[in-house]
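Data first, discussion second: the structure below is written as structure tokens.
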Amino acid sequence: MLVKTYCAAVNGLEVTTVTCEVSMSRGVQFHLTGLADTAVKESYDRIKAALVNNGFKMPTMDITVNLSPADIKKEGSGYDLPLAIGILAANAKVESDLASQYMMVGELGLDGHLQPIRGALPIAIRARAEKFKGLIVPKQNIREAAVVNQLEVYGMDTLMDVINFMNGDTSYQPTMIDTRKEFYEQQNHYELDFSDVRGQESVKRALEVAAAGGHNLIMIGPPGSGKSMMAKRLPSILPPLSLAESLETTQIHSVAGKLDRDTSLISQRPFRAPHHTISQVALVGGGQNPQPGEISLAHNGVLFLDEMPELSRSVLEVLRQPLEDRKISISRAKYSVEYPCSFMLIASMNPCPCGYYGDPTHSCACTPGQIQRYMNKISGPLLDRIDIHCEIQAVPFSELSKMQPGEPSEKIRERVIRARKIQEERFKTFKGIHCNAMMTERMLREFAEPDATSLEMLRMAMERLKLSARAYNRILKVARTIADLAGSEKVESVHIAEAIGYRNLDRGDWAERGI
């Protein structure tokens, strides 16, 4: 007897429907075909134990299973459930017609309990596109899968639950989630707020400009000056995620297995802060089973690199292309996967190895050679891709104790949202362009063309600082954002001057004079 059940193979964010064909004939062997990896091949032992521990026997027949299409590699343990149901249906223990109407995924424990799998959300989207009657997933994955509307999603605890559902012995109701209600309720709950930051007005201004235009930013200052503190509060002033952005971000975290059990949609922009010992693969993605890296997990959010020069030079250099293309292609001998990675890079660093070069309250113990080598850990091409360079000094305690609480994030966020709305209107006819940081050279000439006075100011800055063409474009993008915050239609010289002031690390005398 031939029976078909359905599951899915996840490759990056792409999902392929997989048909599990189970055929039984006289014999005693088990054959599994369809380019299955070790985890899939081991499913026979898990299925056999799960059936025995739930009162069934593995059929004493020749069982041939094919996972079609056979030229796509099948990885992971999510094929256990459809294979088990297919074997039972071929042995007339489960209603085969009903089993073929549902897509199902799940790992089986030896006692028959279903274990969670990765990629439940993109699998649910694929099930709806293929017009399946419903999707059966482990109960732990139910909330992320139920985000997809117009699809019946059932969360099951055990194999027996699925068998009873297929045979009509027990009635189950699909899980329904009011996606929009949950999404909008959780959008504005932030634990960290800029009102906790006292002083540092110039740095907060730079962060506001960065948030308004989606610009990359680096902070340079001594230990304890508040670099990490302010970076962690940046998501609280970013514009809220749209539903489309949230769905895309949630899919990436679902594929990576990073979603919490009670999470349906990610409602706040991600903030990723990897340790400086991170490897290239962990940062950009890849591995034996291609998984998204930190840059993709930070998609539509913030990637914070604390103590940036402490990261390996090779790790930093792999950021160059993703920062420009806003996507990462992971190509290996047997596969090629593409993940989106449109993120804001926020970095912090000390001015020297000891951290106190140029600090008025501490003496620096580093030699000029050590300082130069420390600064050279960040290459010029990478520095070119960072729009805003912001110097920061620690606030003395005598002033810190007198200062009033800072401006709350809510007020800063309002200004940022107004600036972003101006940009959305400006770029509404340009596909994939949402903020000033994404502008192309042609768009710069159209929307950020400087006047004669500003052009002369730029020429002097280019000659004095020896800026590259990329740095020139970055200045214009930042100036356009500053103009948007000020509500100005044109980019004026005052906006250009402020943007030039955010290129501190381009100055040749920076490491010689101290901050």
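The values are calculated or read from the model by the stated rules, or taken from the named source; none is laboratory data. Predicted model, so just to flag it, every value in this text is computed and none were measured. For neighbour counting, all protein chains shown are included, and Cβ atoms are generated from backbone atoms with ideal geometry for every residue, glycine included. Just so you know, the surface numbers come from the protein's heavy atoms only, side chains and all, with ligands and any DNA or RNA stripped out. Shrake-Rupley method; radii C 1.70, N 1.55, O 1.52, S 1.80 Å.
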Q: Per DSSP H run of n ≥ 4, the term is -39500 (n - 2.57); total these for the chain, divide by its residue number, and report the mean residue ellipticity at 222 nm rounded to 500 deg cm²/dmol.
A: -10500 deg cm²/dmol
Q. So how long is each side of segment 156-299 along the principal axes, counting just the alpha-carbon atoms, biggest first, in Å?
A. 67, 39, 25
Q: Can you pull the one-decimal nm distance between simple spin-label points at Y184 and Q321, each 7 Å off the Cα toward Cβ?
A: 4.2
Q: Report, in degrees rounded to the nearest 10, the 0 to 90 angle that the Cα long axis of helix 120-129 makes with the longest principal axis of the chain.
A: 70
Q) For the chain, what proportion of DSSP beta bridges, expressed in % and rounded to the nearest 5, is antiparallel? A) 50
Q) What is the extension gain from M460 to D169, computed as 0.36 nm multiplied by their sequence separation minus the C-alpha to C-alpha distance, in nm to one decimal? A) 96.7 nm
Q: Give, as ranges by residue number, the residues of segment 127-161 whose backbone N falls under 14 Å from the point 7 Å along Cα→Cβ of Q101.
A: 131-136, 152-153
Q: Can you send over the carbon and sulfur percentage of the accessible area for the chain, probe radius 1.4 Å, protein chains only?
A: 48
Q: Rounded to whole Hz and in sequence order, give me ³J(HN,Hα) for segment 286-301 from the Karplus expression 6.51 cos²θ - 1.76 cosθ + 1.60, θ = phi - 60°, writing x for Gly and Pro.
A: x, x, 4, 9, x, 10, x, x, 4, 5, 7, 5, 8, 3, 6, x
**Q.** Unsatisfied cross-links (Cα-Cα over 25 Å) in the set K4/K57; K131/K421; K41/K93; K421/K477; K204/K421; K181/K258
**A.** K131/K421
Q.
Taking the Cα of K431, stepping 7 Å toward and past its beta carbon, and measuring to each backbone N in segment 234-278: which are under 15 Å?
A. none
Q) Want the number for A244 to R26: 0.36 nm per residue separation, take away the alpha-carbon distance, what's left? A) 73.3 nm
**Q.** Segments 134-147, 104-117 sorted - mean Cβ within 10 Å per residue, highest first
**A.** 134-147, 104-117
Q | If the convex hull is drawn through the Cα atoms of segment 1-82, its volume per residue in Å³ | A | 90
Q: Using only Cα atoms, find the angle between the long axis of helix 80-90 and the longest principal axis of the chain, and express it within 0 to 90 degrees, rounded to the nearest 10.
A: 20
Q. In nm, to one decimal, how far is the R313 label point from the K57 one, both placed 7 Å along Cα→Cβ?
A. 6.9
